[in-house]
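Below is one structure, written out as structure tokens; the observations come after it.
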2 protein chains.
Amino acid sequence: MRGDAGSASPGTRMKQILVLGAGKSAPCLIHDLLDGAAAGRWRLTVADLDPRAAEEAVGGRPGGRATAFDIHDPLQIRREFAGADLVVSMLAPAFQGPVAEACLEHGCHLVTVSYTDARLRALHDRAGERGLLFLGELGLDPGIDLMSAAQMLRRIRGEGGRVRAFRSYGGGVPAPESIDNPFRYAITWNPGNIARAGAAGALYREGGRTLAVPAHRVFEHTWPVEVAGLGRMEAYPNRDSLEYLSTFHLEDVGTMIRATLRWPGFAETWQPLVRLGLTDDRLRLPGLQGRCWRELTEMFLPPTTAGADLPARLACLLGLSPTGGILERLAWLGLFSERPLDPDAHTAAAQLTRLLVDKLVLAPGARDLVTLVHEFEVEDPAGGRYRHEATLVQRGEAGGFTAMARTVGLPAAIAARLILEERITCRGVAIPVLPEIYEPILAELAAVGIAFEEAVHPLPADRG
Amino acid sequence: MRGDAGSASPGTRMKQILVLGAGKSAPCLIHDLLDGAAAGRWRLTVADLDPRAAEEAVGGRPGGRATAFDIHDPLQIRREFAGADLVVSMLAPAFQGPVAEACLEHGCHLVTVSYTDARLRALHDRAGERGLLFLGELGLDPGIDLMSAAQMLRRIRGEGGRVRAFRSYGGGVPAPESIDNPFRYAITWNPGNIARAGAAGALYREGGRTLAVPAHRVFEHTWPVEVAGLGRMEAYPNRDSLEYLSTFHLEDVGTMIRATLRWPGFAETWQPLVRLGLTDDRLRLPGLQGRCWRELTEMFLPPTTAGADLPARLACLLGLSPTGGILERLAWLGLFSERPLDPDAHTAAAQLTRLLVDKLVLAPGARDLVTLVHEFEVEDPAGGRYRHEATLVQRGEAGGFTAMARTVGLPAAIAARLILEERITCRGVAIPVLPEIYEPILAELAAVGIAFEEAVHPLPADRG
């Protein structure tokens, strides 16, 4: 059966795949899995809170079915999970636990594109006992970054190299020719996550020092990075980089950094939103009905007796130039405007998300770009020191899939297929740093043009 | 049976009270309930993770029993809750949900001194159906503040007054003659809560405006308050004041503020700890074994190439004078010291808590002080405007109970007794803003000298 287990031979029940979520990152995943469904290799159900989004994603193609789905409804969970062999979840990270528990109950494998959380990891033994694989972190970042780093590390070690430093960068931004707003940014993934970026703070190691960055200082804590073929970008530290020390067996490394890339100037404009409190998702703000953005911004300014105008008072509070570019960009976003608030959004973060979704749009015909960069500093057996660099740059197709949808969706789609075909056979909870998982997936990605450019540069012997 | 239901008459099973937690705020509560146990009115069990703390609290008095107790152990929950009629929980707020669920399962009334949370409130109907009362917010603040405010409001309204503004302040600090550290503060309650102060951010209303303060700006957002008999203190906003608008039927009021009081200068010294990240309880810091405080502080400073010393770099990062009083106080606390870190504390907040417990001690023989201040701006039926003020100041007894232990513990002890005596008969989840609850408790508190001084001042007619 190997390599063919997913096909429907006579007497074999056809396999069922359930995709949860038909949002921004999902269309390429669904398109790829629909190809297999149309070829009679499995049946595919696409489930979304919004049934029209699911229908649009399926587009009436053979072997595909769209359905309305609410993860909070136990009856709907039973209905959709009971017949499924494998679930691909594109839902927000908060739903990872409930989805995994439903998979365990109904005996489905699971593939997700989000960071694995404690609730998912706690199911390792029980998933293994039921013969199930719960494979997380299988999108772009986390996903392709982890797979490519694991593959590079294996090769470096195979050549006797010792890693002294590992820096890994990733980001999704508009392509240079498609930048058309002063944030130099466009939303190409789950908008609900954008206001929460940095909210967990960050940890990393550099030159032997552990660095901790609390949530309210993440966007103050940036440095420039030169990306081959793209030029200078800015980096801010991404969550807990140190969790990956053990993943990659790099406990003794002096530098370990995972960071997010944006076009320069994003962070200096975003940090005032954080400082002011507009990314807060805990305070439930009352009485927003019938109010406008100017009034929301006003809520976050200390009381004042002076009659200065709102932008000037905000500039004064945060130490910004009242006539500078940062304040101009915040005005462009709409912080001081009469734009009505969304009556269904009850926190500042939720209101900000609505605003960003409207303002930071990838225009029709515009192209996005994703990039991943790995830098390993390596000592070879003879004592020579080298920097191994690998760079992935992918551009979206104007009018087609975004680079984000392609690079988040394809790894998950390939993994789903490999699991059904029993070419990935490990069980329990895993992330894709095992050769059994990453080798076939990276090979298939390379075959469709998603591959890294690599380079090796000698380093001066005294560099730390 | 009314008024006598707790006593052990022949043929009546003696009532059982279970107190969870024998920490800083608990000794007066336990002492008071032990008086009732010694008089044969009920039996008392004091349960703490640390059995010695429980034994010390019971002190071998008749009718009392001490036991080791871990809220995470279902067997221990069953053993202690099964025979109890009423549980008083002094545990940290995080355990409120599990304690309440155990009370529901085993049919015990519950009294807590913490803010009620969503998990507790969700049990309202089920507690009511089982004939149980889960009474939260029954300490000092929340507790005496709510009861006294509800009583004042009822009287003001009975006289036809309309409330235009309500400001309520509370705090526990060292008495002026007992201030002996540069923070002018001493820990007299659950130390685990101190590093989390402000972590939920704050919401309030002033002059018709809603003000939102994110967590990282709460200690920047202070104002002076004159307290009768004590002089000037500083106030910072306490959590979500607007939750109490409906509690007190004050939806139309122009100003609604609940705030915390400290001696002036506390906030300017605390805010740099927040800014730096030392109050963060989310990032799990690795490799703290064998390290010292200087190294922990270093983790939160951005990388630097310059060789400037640690205090100067911290001052530079946070915009503090490198030779000023704030930096001097942070040095006094130990941020730049060789003091060893606690190997069992895994977040900055946990390490900071250990440091504060050692440094901000109420010295033997020193006295603490708690204060509550209510200010109501009231319009009377004739259109006259008045400020109704009520001030409670309580000092601890040198060598006896702290004012904090007395004012947190006595309301809960009195409530426990009134519930067992069936003099409080409401059911479900409640906070003490019903006359049935607050009238007898405030009367008993007044009888032992815990009472407010009141004053009424006319206001100019044009004051808003």
The conditions are (1) more than 15 Å from residue A:113 (Cβ to Cβ); (2) open to solvent by 10 Å² or more (accessible area, probe 1.4 Å), and residue A:420 fails exactly one of them. Which is it? (2)
For residue B:324, state whether it is at positive phi and over 31 Å from the mean Cα position of the chain (by Cα). no
Among the residues of the range B:359-380, write down those that are of a type outside the set (A, V, I, L, M, F, W, C), at negative phi and at pLDDT below 95. B:364, B:380
Take residue B:164 and tell me if it is away from every other protein chain (no Cβ under 14 Å), open to solvent by 20 Å² or more (accessible area, probe 1.4 Å) and free of Cβ contacts under 8 Å to residues at least 40 places away in the same chain. no
Can you tell me which of B:146, B:132 is buried (at least 21 other Cβ atoms within 10 Å of the Cβ), farther than 28 Å from residue A:214 by Cβ, touching a His at 6+ places or on another chain (Cβ under 6 Å) and not polar (S, T, N, Q)? B:132
Just to verify a result, which residue in the range B:77-96, among those that are of a type outside the set (A, V, I, L, M, F, W, C) and open to solvent by less than 40 Å² (accessible area, probe 1.4 Å), is farthest from residue B:127 (Cα to Cα)? B:80
Output the helices (runs of 4 or more DSSP H) that fall wholly within the range B:107-192 and possess 3 or more residues being in contact with a Phe, Trp or Tyr (Cβ under 9 Å, 6 or more places away or on another chain), or say none. B:144-158
Output for Cβ contacts, cut-off 7 Å, separation at least six or different chains, first residue over 22 Å from residue A:114 (Cα atoms) in the range A:67-91, second part of a strand (DSSP E or B) and open to solvent by 30 Å² or more (accessible area, probe 1.4 Å), reads A:83/A:16
Taking the range A:227-276 only, how many residues are among the β-branched types (Val, Ile, Thr) and surrounded by fewer than 17 Cβ atoms within 10 Å (Cβ to Cβ)? 1
Is at least one residue of the range B:326-334 surrounded by fewer than 21 Cβ atoms within 10 Å (Cβ to Cβ) and within 14 Å of another protein chain (Cβ to nearest Cβ)? no
Could you tell me which of the residues B:383, B:334, B:325, B:400 is among the small types (Gly, Ala, Ser) and modelled with pLDDT of 95 or more? B:334
Evaluate the following for residue B:187: is it open to solvent by less than 30 Å² (accessible area, probe 1.4 Å), within 22 Å of the chain's Cα centre (by Cα) and under 21 Å from residue B:237 (Cβ atoms)? no
Among residues belonging to the range B:290-303 that are assigned to a loop (DSSP other than H, G, I, E, B) and more than 7 Å from chain A (Cβ to nearest Cβ), point out the one that is surrounded by the fewest Cβ atoms within 10 Å (Cβ to Cβ). B:290
Condition met for residue A:255 (of a type in the set (S, T, N, Q), in contact with a strand residue (DSSP E or B) (Cβ under 9 Å, 6 or more places away or on another chain) and touching a residue at least 60 places away in the same chain (Cβ under 8 Å)): yes
Among the residues in the range A:390-404, are any open to solvent by 10 Å² or more (accessible area, probe 1.4 Å), among the charged types (D, E, K, R) and more than 30 Å from residue A:432 (Cα to Cα)? no
Out of (1) open to solvent by 30 Å² or more (accessible area, probe 1.4 Å); (2) closer than 25 Å to residue A:23 by Cβ; (3) not small (Gly, Ala, Ser), the odd one out for residue A:125 is which? (2)
Looking at B:47, B:57, B:38, which one is modelled with pLDDT under 95 and surrounded by 16 or more Cβ atoms within 10 Å (Cβ to Cβ)? B:57
Mind checking which residues of the range A:338-361 are hydroxyl-bearing (Ser, Thr, Tyr) and over 17 Å from residue B:210 (Cβ atoms)? A:353
Going by the conditions given, is residue B:410 open to solvent by less than 10 Å² (accessible area, probe 1.4 Å), more than 30 Å from residue B:207 (Cβ to Cβ) and either in contact (Cβ under 8 Å) with a residue 12 or more places away in the chain or touching a helix residue (DSSP H, G or I) at 6+ places or on another chain (Cβ under 8 Å) (or both)? no
Looking at this structure, is residue A:358 over 30 Å from residue A:254 (Cα atoms), among the charged types (D, E, K, R) and surrounded by fewer than 18 Cβ atoms within 10 Å (Cβ to Cβ)? yes
Could we say that residue A:173 is away from chain B (no Cβ under 14 Å), within 25 Å of residue A:394 (Cβ to Cβ) and modelled with pLDDT under 95 here? no
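The values are calculated or read from the model by the stated rules, or taken from the named source; none is laboratory data. Model, not experiment: these values are computed from the prediction. Here the Cβ is made from the backbone with ideal geometry for all residues, glycine too, and neighbour counts use every protein chain on show. The protein model used for the area step is the full one, side chains on, heavy atoms only, and it has no ligands, DNA or RNA in it. Shrake-Rupley method; radii C 1.70, N 1.55, O 1.52, S 1.80 Å.
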